[in-house]
Amino acid sequence: MKILGLETSCDDTGVAVFDTDKGLLAHKLYSQIKTHAEYGGVVPELASRDHIRKLMPLVRAVLDEAGVDGANLDAVAYTAGPGLAGALLVGASVGRSLAWGWGIPAVAVHHMEGHLLSPMLDTENTPTFPFLALLVSGGHTLIADVQAIGEYRILGESIDDAVGEAFDKTAKLLGLGYPGGPAISRVAQNGIDGRFRFPRPMTDRPGLDFSFSGLKTAVATEAEKFDLNDQLVADIALAFEQAAIDTLRIKCERAMKEAGQRELVVAGGVSANRRLRDTFNAMADKHGWRVFFPPLEFSTDNGAMIAYAGAARLLAGERQGTEFNVFPRWRIEELRPVK
Ligand code: KG4
Ligand code: ZN
């Protein structure tokens, strides 16, 4: 089966064709970073307009590259939530219209399920159910017990900022621009280890919830004491990155032990972080566990993960009626198994 996947939940327009026999046939991404950079964050109205402009040309280009036309596709999968309402509506409207025109099913995909399944795009090395998943993006930080596709139980999550949001806000206050995650990890490479140390929030009490807003405030308080130069910014960025990643590691180590699990998926935009990957690989080695990440290019938002998740749901028999809706706020726990 060949599935077209559309991702428009935030500031990336992603399109891909996934073939359940041959794997990914083609994928393209248009990033709106330049549009939003001067505002220091995503402007929802501009995001919707950019998706409208870019989505159909990308669909055309991806179908050409994949060498398939609409009539040969088996379904169109689109991100139905969570995300920015206007941005989601672009993908949902285009996706459902194309499916209608081609006479094929449309499949509504949960963005975080797309991330969760994205390590499966690396066919060499895939996790087996059940496993635990750490999902870390600009809007979410959660640990989930994953029994099967659609069968998720949240074991812990952030009670305030998502970890990606903490990266973005910290980068902003250090004058590093948007998006903050890649900027922080870039300058942190020049940081001197041990110059600063920030707290690992909520690790000294039981439970698996996170809190990252205090960490950002701790950085702000420290940064205010200095007349910042490049070296100090690098030192602070390094200490922030260490604290954020270490916090994620401590909670995941605890969750894995408590659940008696041996396999962990780490996905979402922040899983692109080098220090995170090294830290989690070291943790897995220490305990004889296995940790799975998406291929680097599919860590941040993309159409391939939506096509893949749509394919998985379609294979399991999911079909959509003609009604459609988007879900800007949608907890992954609300999903139901497809079988
Ligand atoms: O999954 P994603 O592309 O979009 C959402 O679903 O939110 O994640 C975006 C988030 C942003 O907060 C961005 O700063 C962060 O992922 N991010 C990173 C890195 N690359 C992206 N954070 C830390 N290190 C990175 N290398
Ligand atoms: Zn995402």
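The values are calculated or read from the model by the stated rules, or taken from the named source; none is laboratory data. Worth saying up front: this structure is predicted, and the values here are computed from it rather than measured. Please note: Cβ atoms are built from the backbone with ideal geometry, for glycine as well, and neighbour counts cover all protein chains shown. These accessible areas exclude ligands, DNA and RNA; they are computed on the full protein's heavy atoms, side chains included. Shrake-Rupley method; radii C 1.70, N 1.55, O 1.52, S 1.80 Å.
Quick look at the values:
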| item | result |
| --- | --- |
| Charge tally in the Cβ shell below 14 Å around residue 325, where Lys, Arg are +1 and Asp, Glu are -1, residue 325 excluded | 0 |
| Modelled FRET efficiency - R0 41 Å, residue 274 with residue 336, Cβ distances, 0.05 increments | 0.70 |
| Antiparallel DSSP beta bridges within the chain, as percent of all bridges there, nearest 5 | 60 percent |
| 38, 323, ranked by accessible area, largest first (probe 1.4 Å) | 38, 323 |
| Chain lengthening between residue 262 and residue 145 when straightened (0.36 nm per residue, less Cα-Cα) | 40.9 nm |
| Over 25 Å (Cα to Cα) - which of 172/257; 28/172; 34/251; 34/54; 169/251 fall in this group | 172/257; 28/172; 34/251 |
| Difference of contour (0.36 nm per residue) and Cα-Cα distance, residue 71 to residue 193 | 38.2 nm |
| Packing-based order for 143-155, 219-231, using average beta carbon neighbours within 10 Å, highest first | 143-155, 219-231 |
| Between 0 and 90°, nearest 10: helix 274-287 axis offset from the chain longest Cα axis | 90 degrees |
| Estimated distance in nm for a label pair at residue 60 and residue 33, the labels positioned 7 Å out from Cα along Cα-to-Cβ | 2.6 nm |
| FRET E, pair residue 129, residue 227, Förster distance 51 Å, beta-carbon r, rounded to 0.05 | 0.45 |
| Length released on extending from residue 250 to residue 46, taking residue separation times 0.36 nm less the Cα-Cα span | 69.6 nm |
| Using alpha-carbon coordinates, inclination of helix 85-102 to the longest axis of the chain, degrees | 30 degrees |
| Degrees separating the helix 44-66 axis from the principal Cα axis of the chain, which is the longest one | 60 degrees |
| 25 °C / 0.890 mPa s Stokes-Einstein diffusion coefficient of the chain, Kirkwood radius on C-alpha pairs, µm²/s | 120 µm²/s |
| Zone of residue 329's modelled label, taken as backbone nitrogen in segment 1-38 under 20 Å from a point 7 Å along Cα→Cβ | 9-10 |
